[in-house]
Amino acid sequence: MSTTFRPIVGIDLGTTNSAVSYIHKGKPEIIPSPRKERIIPSVVLIDPQGHIVVGEDARAALVAMPDRTIAAVKRKMGSSERISIAGQALLPQEISALILKELKSYVDEKLGEGEKEAVITVPAYFTDEQRRATKQAGELAGFVVERIINEPTAAALAFGLRNKKKDGHVLVYDLGGGTFDVSLVEMMSGLMEVKASSGNNELGGEDFDWRLVDWFAEQIMAEQGIDPRNDIRAKALLKEEAERVKKGLSDDISVNVELPVVTMKEGAPVGLFTTVTRERFISLIDDLLEETMVCVQNVLRDAGLQKDDIDEILLVGGSTRIPRVYERIENFLGKQPRNDVNPDEAVALGAGVQAGLKSGALAKSGLVVTDVAPFSMGIAVLKEAGFTSRPGGFATIIPRNTTIPVTKTEQFHTVYPGQTAVQIEIYQGEHEWVKYNHKLGEFLLEGIPANMEQEEAINVTFRYNLNGILEVTASCVSTGEAMKVTIQDAINRDSEAAIAESVRAIEELYAQSKEAGDEEEEWELEELLADAEWDEDEDIPAEELQTEAERLLKQAERLRASAVGRTRRGWRE
Ligand code: AMP
């Protein structure tokens, strides 16, 4: 008798790149795009005809069509800020949903149409609202989101499946495009226990690029007296160049920059010709790398371990290709990181392993993983400060690095006579004063019987689930009246109306995209060029215009190929 498993896929929704995997013959395997790409850039383009383009072709359009492309949307996840793209204002989760829909099209092609469940990874240090936004993006893309798991835990799982017999402590250092995480995992006969996690949601390769952009801009300012960062296209061009230089410096000790036209000044082109040495680059980013090393020290301390206790070091995320990263970790821990981990694929493969554990495809592997809450969570209380009490103290309910899922209850009291309501303000963070922590939400518990201060007790329960999503209940002990909120309900972001609106926005985008595809319109190259052209009044040397035109022509060719390809295979209903 053969057993069939529901296909569940694992997705790494990265700041820079994304990938999807599934379990095939007991092992995680990447599902490539029809063009055989194993990872795709997390970039979305809405082209002049209204086609939605995701991946390499969208990335290639970043400089020519900066107002029609969006990169690094993951950095905005969880915020309610709308991002403007091609004249539309979309929420970060709506843009992420477009990336996930692209991945889903690869899955559908490989595994057949039909409902698909997914495990999606997030940085361990992602907040409640960032996790919710990710889950929502998955649902908007048409997946049933089975689980949200932490990226370093996923990477450890991929390693664990290949090294089931290995016991010891594994340090996962995950430095991607936009986020940094470090986790310490104990492995014991297939049982993988995350002991501690730390990180920074706003630190990654993007920051290194911007440090270089600033350095380029300073040179131009010193020589030409203008700031190229004020010109949207020049900024995109310098960013693209910065990433090229950064990557080049992972292989070579210096990289030349030769940009004849970065921007225009009084009708004349302003270029940039310089050399960036590895040393210079290190001096620009070393303070950021130092921050990551502080996090490494913190996880060691939180797990109660010494440097010598670390048996394996896994480097994950594209930015760990920077030689200085390797060097700093090796110097600090006195041990070489492993060199058999693919930094781009480890997280997606690990998400696939988690998917396999859920679907049953890896039921016989004997692998079990437990994770932790990487930050403390609690509420605002009156706190004694000297001879008085001050509002805004932080009372921890779930301490950081508690194994999840977890439910904890703490009792609090009314603070003044006749008090009939309490405002429950929920925070995450490590500071004793809430103003230095991150607010997750708040709600009002009413109906407390009027009594003397301290006489009415309120039980506050925090339930933190396997997805890292928090639910809070507060109840008045004397009446038994309770109020329960999930944090997002409290800030009203995933109300049914809000979700319906997102679904409508995405459907409309795809309807436009399909219309554009149905008409089989040839690419209007003039339109693309007009879009990308410099001001007509500007006097640009002929050969520079020629180079720029050739570059745009190539780009248009690539985009044309992609638009037709996608239409033909019935890219979207
Ligand atoms: P990830 O989020 O893991 O896909 O990592 C993407 C980040 O890695 C981006 O900021 C890339 O610029 C960076 N990256 C990729 N390859 C290299 C390389 N060879 N050297 C330095 N950074 C790189």
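The values are calculated or read from the model by the stated rules, or taken from the named source; none is laboratory data. Being a predicted model, the structure only gives us computed values, none of them experimental. Note that we place each Cβ from the backbone using ideal geometry, even for glycine, and neighbour counts take in every protein chain shown. For the accessible areas, the whole protein counts, side chains as well, though only heavy atoms, and no ligand, DNA or RNA atoms are used. Shrake-Rupley method; radii C 1.70, N 1.55, O 1.52, S 1.80 Å.
Overview of values
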| item | result |
| --- | --- |
| Unmet requirement for Ala156, which otherwise passes all of (1) within 14 Å of the ligand (Cβ to nearest atom); (2) within 20 Å of the chain's Cα centre (by Cα) | (1) |
| Number of the exception - Glu291 against (1) open to solvent by 20 Å² or more (accessible area, probe 1.4 Å); (2) within 12 Å of the ligand (Cβ to nearest atom); (3) within 20 Å of the chain's Cα centre (by Cα) | (2) |
| Residue check for Val43: open to solvent by less than 10 Å² (accessible area, probe 1.4 Å) and within 16 Å of the ligand (Cβ to nearest atom) | yes |
| Failed item in (1) open to solvent by 60 Å² or more (accessible area, probe 1.4 Å); (2) assigned to a helix (DSSP H, G or I); (3) of a type in the set (A, V, I, L, M, F, W, C); (4) at pLDDT 85 or above, with Leu466 passing the rest | (2) |
| Any hit, the stretch 339-348, residues being open to solvent by 40 Å² or more (accessible area, probe 1.4 Å) and more than 22 Å from the chain's Cα centre (by Cα) | yes |
| Scope the stretch 248-289; condition farther than 21 Å from Glu330 by Cβ and of a type in the set (D, E, K, R); matching residues | Glu258, Lys265, Glu266, Arg280 |
| Residue under evaluation Ser198, criteria (1) within 16 Å of the ligand (Cβ to nearest atom); (2) closer than 23 Å to Pro343 by Cα, criterion not met | (1) |
| Residue list for the stretch 146-184, restricted to those being at pLDDT 95 or above and of a type in the set (Ser, Thr, Tyr) | Thr153, Tyr173, Ser183 |
| Condition check for Glu453: closer than 18 Å to Thr153 by Cα and among the acidic types (Asp, Glu) | no |
| Verdict on Val485 being within 29 Å of Pro92 (Cα to Cα), hydrophobic (A, V, I, L, M, F, W, C), modelled with pLDDT under 90 and part of a strand (DSSP E or B) | yes |
| Any hit, the stretch 113-126, residues being more than 30 Å from Val368 (Cβ to Cβ) and more than 17 Å from the chain's Cα centre (by Cα) | yes |
| Subset tally (residues that are in a helix (DSSP H, G or I) and surrounded by 14 or more Cβ atoms within 10 Å (Cβ to Cβ)) for the stretch 298-314 | 6 |
| Selection status of Lys358, among the basic types (Lys, Arg), open to solvent by 10 Å² or more (accessible area, probe 1.4 Å), without any contact (Cβ under 8 Å) to a residue 40 or more places away in the chain and more than 16 Å from the ligand (Cβ to nearest atom) | no |
| Candidate set from the stretch 279-288 (those that are away from the ligand (no atom under 14 Å from the Cβ) and within 23 Å of Glu202 (Cα to Cα)); member that is surrounded by the fewest Cβ atoms within 10 Å (Cβ to Cβ) | Asp287 |
| Unique match (being out of contact with any strand residue (DSSP E or B) (no Cβ under 9 Å at 6 or more places or on another chain) and open to solvent by less than 10 Å² (accessible area, probe 1.4 Å)) among Ala72, Ala64, Ala58 | Ala64 |
| Test for Ser283: is it polar (S, T, N, Q), in contact with a helix residue (DSSP H, G or I) (Cβ under 8 Å, 6 or more places away or on another chain) and outside any strand (DSSP E or B) | no |
| Selection from the stretch 324-338 of residues that are within 13 Å of the ligand (Cβ to nearest atom) and open to solvent by 40 Å² or more (accessible area, probe 1.4 Å) | Arg324, Tyr326 |
| Meets criteria (open to solvent by 20 Å² or more (accessible area, probe 1.4 Å), away from the ligand (no atom under 16 Å from the Cβ) and either outside the structural domain of Gly366 (by TED's automatic domain parsing) or in contact with a Gly (Cβ under 8 Å, 6 or more places away or on another chain) (or both)) for Lys135 | no |
| Residue among Pro28, Pro32 that is in a loop (DSSP other than H, G, I, E, B), open to solvent by 10 Å² or more (accessible area, probe 1.4 Å) and away from the ligand (no atom under 13 Å from the Cβ) | Pro32 |
| Pairs with Cβ under 6 Å, 6+ apart, first in the stretch 63-89 and within 27 Å of Phe126 (Cα to Cα), second open to solvent by 30 Å² or more (accessible area, probe 1.4 Å) and in a strand (DSSP E or B) | Arg82/Ala89 |
| Which numbered condition Gly366 fails, given (1) modelled with pLDDT under 95; (2) open to solvent by less than 40 Å² (accessible area, probe 1.4 Å) | (2) |
| Flag if Glu241 is surrounded by fewer than 16 Cβ atoms within 10 Å (Cβ to Cβ) and not hydrophobic (A, V, I, L, M, F, W, C) | no |
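For every residue, the table says whether it meets (1) under 15 Å from the mean Cα position of the chain (by Cα); (2) touching a residue at least 24 places away in the same chain (Cβ under 8 Å); (3) under 18 Å from Val245 (Cβ atoms).
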residue	(1), (2), (3)
Gly177	yes, yes, yes
Ser183	no, yes, no
Gly199	yes, yes, no
Asp209	no, yes, yes
Leu212	no, yes, yes
Ile226	no, yes, no
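Quick grid of which residues meet (1) part of a strand (DSSP E or B); (2) assigned by TED's automatic domain parsing to the domain that holds Leu13; (3) open to solvent by less than 10 Å² (accessible area, probe 1.4 Å); (4) within 16 Å of the ligand (Cβ to nearest atom):
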position: Val185; (1), (2), (3), (4): yes, yes, yes, no
position: Glu193; (1), (2), (3), (4): yes, yes, no, no
position: Val213; (1), (2), (3), (4): no, no, yes, yes
position: Ala236; (1), (2), (3), (4): no, no, no, yes
position: Lys247; (1), (2), (3), (4): no, no, no, yes
position: Ser250; (1), (2), (3), (4): no, no, no, yes
position: Asn256; (1), (2), (3), (4): yes, no, no, no
position: Gly271; (1), (2), (3), (4): yes, no, no, no
